[in-house]
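Asks: This structure is in structure tokens; I'll ask about it shortly.
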Amino acid sequence: MAGVAAAGASAFFVRRAPQATAPIRLFCFPFAGGGASIYRDWGADLPGVDVIAVQPPGREHRYGEQPYTDLRALTADLAMAIEPLLDRPFVFFGHSMGGSIAYQLACDLQARGRTAQRLILSARPAPHLPPDRGPMHTLSDEAFKVELRKLAGTPAAVLENDELMEFLLPTLRADFELCDTYACPREAVLDVPMTLFYGEDDATAGAGTVAPWSEYTTRDVSVLAFPGNHFFVQTQKTAVLGAIRGALTALR
């Protein structure tokens, strides 16, 4: 992802369209296998918002680093690294895996006296619900690719390219292990309003599994549907950004 590291921050944070004087910061967390480049255009499309994409190790410019397999370890390190960037109101957006990371990091920060203005969770089932599948990270390579194909987020040309998949599989497996083994403490209830997104054709994170996130906050919750499957955040980018813009405008 072409961009610059956020001033004073670690390699975890990438800012493509710096708006360092903006009144609010939006931190964006990627889905499994994804990186900061998912959000490469969001800064230009959200004027007045300082958009900072989160870049976990094991992908893009951090490919040579060992990816995390433990979500709590990741958010513990993020909580320390993000501190210099919490000098103004902040909001978290997380899609799929990124939703769990965003939620747990918000809990970690709230325990430190740092509370987000809003949490926007996209295409992520509430953590107490039973998964609709077994652990993916333990599957054979072929079975793992079959499950990836079902999620419809990896192009067929990539899945059929053995050399490219050999390059991508270690990070993908680590990301799914991070998700598969995350145990969310039910007592970690946030004092943060939530906005919840889901795709109308998403078989893994529909309305019935996304809406129960309301049990994890003492504040107001809104739920928004978008056309498309699990990756509507890409196919419905204009509508998604419009909804985020509206949520941020309301905060101001």
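Asks: Answer yes or no as to whether residue 32 is over 12 Å from residue 14 (Cβ atoms), touching an Asp or Glu at 6+ places or on another chain (Cβ under 6 Å) and at pLDDT below 95.
Replies: On the way: over 12 Å from residue 14 (Cβ atoms): yes; touching an Asp or Glu at 6+ places or on another chain (Cβ under 6 Å): yes; at pLDDT below 95: yes.
Spelling it out, residue 32 is indeed over 12 Å from residue 14 (Cβ atoms), touching an Asp or Glu at 6+ places or on another chain (Cβ under 6 Å) and at pLDDT below 95.
Asks: Test residue 20 against the criterion of being more than 22 Å from residue 167 (Cα to Cα) and in contact (Cβ under 8 Å) with a residue 60 or more places away in the chain, and give yes or no.
Replies: Details: more than 22 Å from residue 167 (Cα to Cα): yes; in contact (Cβ under 8 Å) with a residue 60 or more places away in the chain: no.
When the stated conditions are applied, residue 20 does not pass them.
Asks: Taking the condition in contact with a Gly (Cβ under 9 Å, 6 or more places away or on another chain) and within 17 Å of residue 216 (Cβ to Cβ), does residue 52 pass?
Replies: Working: in contact with a Gly (Cβ under 9 Å, 6 or more places away or on another chain): yes; within 17 Å of residue 216 (Cβ to Cβ): no.
So residue 52 does not fit the description; no.
Asks: Okay, next question. Given (1) within 19 Å of the chain's Cα centre (by Cα); (2) without any contact (Cβ under 8 Å) to a residue 24 or more places away in the chain; (3) surrounded by 13 or more Cβ atoms within 10 Å (Cβ to Cβ); (4) closer than 26 Å to residue 59 by Cα, where does residue 175 come up short, assuming only one miss?
Replies: Of (1) within 19 Å of the chain's Cα centre (by Cα); (2) without any contact (Cβ under 8 Å) to a residue 24 or more places away in the chain; (3) surrounded by 13 or more Cβ atoms within 10 Å (Cβ to Cβ); (4) closer than 26 Å to residue 59 by Cα, only one is false for residue 175: (2).
Asks: For the subset of the range 182-206 comprising residues that are at pLDDT 95 or above, under 24 Å from residue 238 (Cβ atoms) and among the aliphatic types (A, V, I, L, M), which member is surrounded by the most Cβ atoms within 10 Å (Cβ to Cβ)?
Replies: Among those that are at pLDDT 95 or above, under 24 Å from residue 238 (Cβ atoms) and among the aliphatic types (A, V, I, L, M), it is 196.
Asks: Is one or more of the residues making up the range 38-47 of a type in the set (Asp, Glu), modelled with pLDDT under 95 and surrounded by fewer than 18 Cβ atoms within 10 Å (Cβ to Cβ)? Show your work before the answer.
Replies: Applying the first criterion (of a type in the set (Asp, Glu)) to the range 38-47 yields 41, 45.
Right, trim to modelled with pLDDT under 95 and you get 41, 45.
Restricting the remaining residues to those that are surrounded by fewer than 18 Cβ atoms within 10 Å (Cβ to Cβ) gives 41, 45.
Yes, because at least one residue in the range 38-47 is of a type in the set (Asp, Glu), modelled with pLDDT under 95 and surrounded by fewer than 18 Cβ atoms within 10 Å (Cβ to Cβ).
Asks: Of the residues 198, 216, 182, which is over 30 Å from residue 64 (Cα atoms) and touching a helix residue (DSSP H, G or I) at 6+ places or on another chain (Cβ under 6 Å)? Break it down into steps so the answer makes sense when it comes.
Replies: Values: 216 fails: touching a helix residue (DSSP H, G or I) at 6+ places or on another chain (Cβ under 6 Å); 182 fails: over 30 Å from residue 64 (Cα atoms).
Just one listed residue meets the conditions, 198.
Asks: Still on this structure, please answer the following. Select from the range 151-172 the residues that are more than 22 Å from residue 57 (Cβ to Cβ) and surrounded by 12 or more Cβ atoms within 10 Å (Cβ to Cβ) and write down the one among them that is farthest from the chain's Cα centre (by Cα).
Replies: Checked the range 151-172; the qualifying residue farthest from the chain's Cα centre (by Cα) is 161.
Asks: Okay, next question. Out of the range 19-45, which residues are under 17 Å from residue 240 (Cα atoms), hydrophobic (A, V, I, L, M, F, W, C) and outside any helix (DSSP H, G or I)?
Replies: Correct list: 26, 27, 28, 29, 31.
Asks: Right, something else. Determine which single condition residue 87 fails, assuming it passes every other condition in (1) in a loop (DSSP other than H, G, I, E, B); (2) touching a residue at least 40 places away in the same chain (Cβ under 8 Å).
Replies: Tallying (1) in a loop (DSSP other than H, G, I, E, B); (2) touching a residue at least 40 places away in the same chain (Cβ under 8 Å), residue 87 fails exactly one: (2).
Asks: Which of the residues belonging to the range 79-95 are touching a strand residue (DSSP E or B) at 6+ places or on another chain (Cβ under 7 Å) and either buried (at least 23 other Cβ atoms within 10 Å of the Cβ) or of a type outside the set (Lys, Arg) (or both)?
Replies: Passing the criteria: 85, 89, 90, 91, 92, 93, 94, 95.
Asks: Between residues in the range 104-117 that are of a type in the set (Lys, Arg) and surrounded by fewer than 23 Cβ atoms within 10 Å (Cβ to Cβ) and residues that are at pLDDT 95 or above and not in a helix (DSSP H, G or I), which pairs lie under 8 Å by C-beta distance while being six or more apart or on different chains?
Replies: Close Cβ pairs satisfying both conditions: 114/86.
Asks: Follow-up question, since we're still on this one. So which of 209, 195, 217 is out of contact with any Leu (no Cβ under 6 Å at 6 or more places or on another chain) and hydroxyl-bearing (Ser, Thr, Tyr)?
Replies: Details: 209 fails: out of contact with any Leu (no Cβ under 6 Å at 6 or more places or on another chain); 217 fails: out of contact with any Leu (no Cβ under 6 Å at 6 or more places or on another chain).
On inspection, the qualifying residue turns out to be 195.
Asks: Would you please name the residue that is farthest from residue 27 (Cα to Cα), looking only at residues in the range 63-75 that are surrounded by 14 or more Cβ atoms within 10 Å (Cβ to Cβ) and among the aliphatic types (A, V, I, L, M)?
Replies: Among those that are surrounded by 14 or more Cβ atoms within 10 Å (Cβ to Cβ) and among the aliphatic types (A, V, I, L, M), it is 71.
Asks: Looking only at residues in the range 210-233 that are within 19 Å of residue 29 (Cβ to Cβ) and either among the hydroxyl-bearing types (Ser, Thr, Tyr) or in contact (Cβ under 8 Å) with a residue 40 or more places away in the chain (or both), which one is surrounded by the fewest Cβ atoms within 10 Å (Cβ to Cβ)?
Replies: 217
The values are calculated or read from the model by the stated rules, or taken from the named source; none is laboratory data. Not measured: the values here are computed from a predicted model. Glycine gets a Cβ as well: all are built from the backbone with ideal geometry, and neighbour counts include every protein chain shown.
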